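The numbers here are math on the coordinates, done by the rules we state, and not lab data. Since we're looking at a predicted model, the values are computed, not measured. Cβ sites come from the backbone with ideal geometry, for glycine too, and all protein chains shown count toward neighbours.
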């Protein structure tokens, strides 16, 4: 659920299903003088926003159960439009970064990331030279692998559901996974 410590600093909303990661980051931010509120999903965040002051900042993991991550960003944009939202994710992708920025995030960071880097993103827009582009472009096979990994995660590893989502036969997906070096 949610919790708040009585600290007088700016309010930071942490939204993540990984309660351990949220607890560690929350403590680090509290030690730096922030008032931290925690939510494990959309319903928790709605409760936090309804019962307390709007957050000045939010740190959000967009890969939440039930595809709630983007809904969390939309809710923050509507309920706390002045909040600076930083996405910190275990599953960073270019498509995810573009979607997060379009929904109002000021930065998109891949874990592991230092709390000082998160704090810097909360206060200051990242400089253009801080954006790192890959030295080479991804091949079509690499893009396909990334998308298949994303779909499998969304389908909780269920090959049959993932194949239906991708519009291919289950056996075709199994062959692709075998070529990728993954057990089906």
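Just checking, how many residues over the stretch 77-110 are touching a strand residue (DSSP E or B) at 6+ places or on another chain (Cβ under 6 Å) and part of a loop (DSSP other than H, G, I, E, B)?
Count: 3.
Restricting to the stretch 9-52, count the residues that are in contact with a strand residue (DSSP E or B) (Cβ under 7 Å, 6 or more places away or on another chain), touching a residue at least 24 places away in the same chain (Cβ under 8 Å) and within 18 Å of residue 88 (Cα to Cα).
Going through the stretch 9-52 one residue at a time, the tally reaches 14.
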